[in-house]
């Protein structure tokens, strides 16, 4: 194919030579532009890290350009570029960058490259053809970075959900032989699994005979939540521990009765203190006030 008497592969070759020749200059221009940007997030990344990350990407892209890869951003020649983009995007997702900020980062590199080509290629037709090739390749990289960024953000969210689940379902040994597990928030199937695992592990580790599930922090109890609680109680019994559910507020009691939920097989108490008193009686423990000796005058 020819364009105004100039072969397409010649256009590509000229551009590849230009970018290779000005590789260092492209990096310096790009980094300088980002550092001058008033929206620079230097609170998320140091200038040194920004320059190091940018240098790796610029060199990977330019070193991977050849007659075939410049026509296709999915070329195997760009495997290293894609690896760099993947690491870059995930890193930015974990640091707290937004998808827009990550996309803008790649777009600004494209603008820098196009500006260098504009300064070096004087023939309008050649410049147009080369701009189109570079734009297509860089836009492909931008889309790839978005996809990886989303995956990285999902990993962060899933990790945070797991951490929150662990924090919101702590197993506390309140007395020798007595465990308490306060539940805060909605109790769904996945959350029930976490509660059950934590409770059963706690029973095994402490050899406790009584386990108290306190639902004071559960906003509502419906038939599904009740089923989850009954399953947890049954699992605790299989481990040889008696399970008590505390935190039964009046509105929860009314809901349970209205829904016809059968909790007759489960020991329930309105407060955690009541559940502890019940546990002390089962274990034949006595807890009382100790009289302190009066101080001498």
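Which ones in the range 42-67 are under 20 Å from residue 143 (Cβ atoms) and in a loop (DSSP other than H, G, I, E, B)? Scanning the range 42-67 gives a single hit, 65.
Residue by residue, here is whether (1) within 22 Å of the chain's Cα centre (by Cα); (2) surrounded by 17 or more Cβ atoms within 10 Å (Cβ to Cβ) holds:
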{"site": "93", "(1), (2)": "yes, yes"}
{"site": "106", "(1), (2)": "no, yes"}
{"site": "112", "(1), (2)": "no, yes"}
{"site": "116", "(1), (2)": "no, yes"}
{"site": "124", "(1), (2)": "no, no"}
{"site": "127", "(1), (2)": "no, yes"}
{"site": "133", "(1), (2)": "no, yes"}
{"site": "136", "(1), (2)": "no, no"}
{"site": "141", "(1), (2)": "no, yes"}
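Note on the range 95-141: residues that are assigned to a helix (DSSP H, G or I) and closer than 21 Å to residue 49 by Cβ total 14. Between 285, 229, the distinction of being more than 39 Å from the chain's Cα centre (by Cα) and touching a residue at least 24 places away in the same chain (Cβ under 8 Å) belongs to 285 only.
Just wondering, is there one or more residues in the range 19-41 that are assigned to a loop (DSSP other than H, G, I, E, B) and modelled with pLDDT of 90 or more? Yes - at least one qualifying residue is present in the range 19-41.
Given the criteria closer than 18 Å to residue 183 by Cβ, surrounded by 15 or more Cβ atoms within 10 Å (Cβ to Cβ), in contact with a helix residue (DSSP H, G or I) (Cβ under 8 Å, 6 or more places away or on another chain) and in contact (Cβ under 8 Å) with a residue 24 or more places away in the chain, does residue 256 qualify? Answer is yes for this residue. Within the option set 119, 139, 123, being in the same structural domain as residue 73 (by TED's automatic domain parsing), without any contact (Cβ under 8 Å) to a residue 60 or more places away in the chain and more than 14 Å from residue 89 (Cβ to Cβ) holds for one residue only, 119. Has the range 198-214 got any residue that is touching a residue at least 12 places away in the same chain (Cβ under 8 Å), surrounded by fewer than 20 Cβ atoms within 10 Å (Cβ to Cβ) and closer than 19 Å to residue 268 by Cα? Yes.
Condition (residue is at pLDDT 85 or above, exposed (fewer than 15 other Cβ atoms within 10 Å of the Cβ) and part of a helix (DSSP H, G or I)) applied to the range 157-175: is it met by at least one residue? Within the range 157-175, not a single residue is at pLDDT 85 or above, exposed (fewer than 15 other Cβ atoms within 10 Å of the Cβ) and part of a helix (DSSP H, G or I).
Rundown of residues vs (1) modelled with pLDDT of 85 or more; (2) buried (at least 16 other Cβ atoms within 10 Å of the Cβ); (3) assigned by TED's automatic domain parsing to the domain that holds residue 229, yes/no style:
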{"residue": "248", "(1), (2), (3)": "yes, yes, yes"}
{"residue": "251", "(1), (2), (3)": "no, no, yes"}
{"residue": "263", "(1), (2), (3)": "no, yes, yes"}
{"residue": "271", "(1), (2), (3)": "yes, no, yes"}
{"residue": "277", "(1), (2), (3)": "yes, no, yes"}
{"residue": "290", "(1), (2), (3)": "no, no, no"}
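The values are calculated or read from the model by the stated rules, or taken from the named source; none is laboratory data. The structure displayed is predicted, hence computed values, not measured ones. Methodologically, a virtual Cβ is constructed for each residue, glycine included, from the backbone with ideal geometry; neighbour enumeration extends over all protein chains shown.
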